[in-house]
Amino acid sequence: MADTVAIALVGALILTLTLIPVLCAYWFKRGVHERVNKPFEWVRDRYAVQLEWCLDHPKNDPARRHLDSSSHTPAGPFYRRRVYAHLDEGALWVRATMPYTVSFETASNFSPQVRNILLKYQW
């Protein structure tokens, strides 16, 4: 799975650096006209005021960050939900082949010994 993610990221990087700039140059020959985004402007202005205060009072900034992060603690249990499927990457399946002359009882007595030997090497 890690190989798949790495290959997907490399492919996305190659497309981002090659194909996307060419398509943007082709589609936006006349340039881009940017509209005013009022909600963003409002948030940016409030953020600028808080940022200037933090830069003017550097000793109070850690306390403010703690207050901001502690206000989100009721949502904490929801952050631990599993996003990916359980992969069982630590599982080890061993298949032992016995001679055809061995009875089922003998083989079933032999399997716990194999399991105990393998458990000695567990990290």
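Each value in this text was obtained by applying a stated rule to the coordinates, not by laboratory testing. This structure is a prediction, so every number in the text was calculated from the model and none was measured. A quick note on method: Cβ atoms are made from the backbone with ideal geometry, for glycine too, and the neighbour counts reach across all protein chains shown.
For Ser111, Ser103, what ranking results if the residue with the fewest other Cβ atoms within 10 Å of its Cβ goes first?
In increasing order of surrounding Cβ atoms, one gets Ser103, Ser111.
Residues His57, His33, arranged from fewest to most other Cβ atoms within 10 angstrom of their Cβ, appear as His33, His57.
Counted by neighbouring Cβ atoms within 10 Å, the residues Tyr100, Tyr47 run from fewest to most as Tyr100, Tyr47.
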